[in-house]
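Asks: Got a structure here, written out as structure tokens. Questions coming.
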Amino acid sequence: MLKRFSISLEKNLLDSFDQYIQAQSYNNRSEAIRDLIRKALVKQAWLGDSNVMGVITLVYDHHQHQLQEKVTEVQHDHHHQIVSTTHVHMDHHNCLEVIIVRGNAKEVQELSDKLIALRGVRDGNLAMSSTGVGLH
Ligand code: NI
């Protein structure tokens, strides 16, 4: 069920917001505000140590000594937090690994930090996601 409420804003802020909405291709202010609220709730879920889901992306050179083994070992240590892993051979040297994770925000963050810090990982990122209302 949709509920309506009104917002008071300074004119300058509203003008900037309307420019943002146009640049982001939103159809209307409501949809843009809904997304901003959801983003804030996802951020809060991660900061609040709730149950979350996320995606870890790693790019690494599989020729780096024992790196492939270490990436696998860390994932086995955290198997409860890993939903699935996809490995793509990007080119002769480089691998792309996409790991879908779920669980306690702090533990998932630690897992991500461990993987990204491994020597030879060229690019690493954790995309934090959540319903914003807690996962069960
Ligand atoms: Ni590969």
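Asks: Out of all the residues in the stretch 20-73, which are of a type in the set (S, T, N, Q) and in contact (Cβ under 8 Å) with a residue 40 or more places away in the chain?
Replies: GLN44, SER50, ASN51, THR57, GLN64
Asks: For the stretch 3-29, give me the residue count where each residue is closer than 27 Å to MET128 by Cα and loosely packed, with under 11 Cβ neighbours inside 10 Å.
Replies: 7
Asks: Could you go through the stretch 46-58 and let me know if any residue there is among the aromatic types (Phe, Trp, Tyr) and touching a Leu at 6+ places or on another chain (Cβ under 8 Å).
Replies: no
FYI, it's all coordinate maths here, none of it is from the lab. Note that the coordinates shown come from a computational prediction; the quantities given were computed from them, not determined experimentally. Using ideal geometry, Cβ is built from the backbone for each residue, glycine included, and neighbour counts are taken over all protein chains shown.
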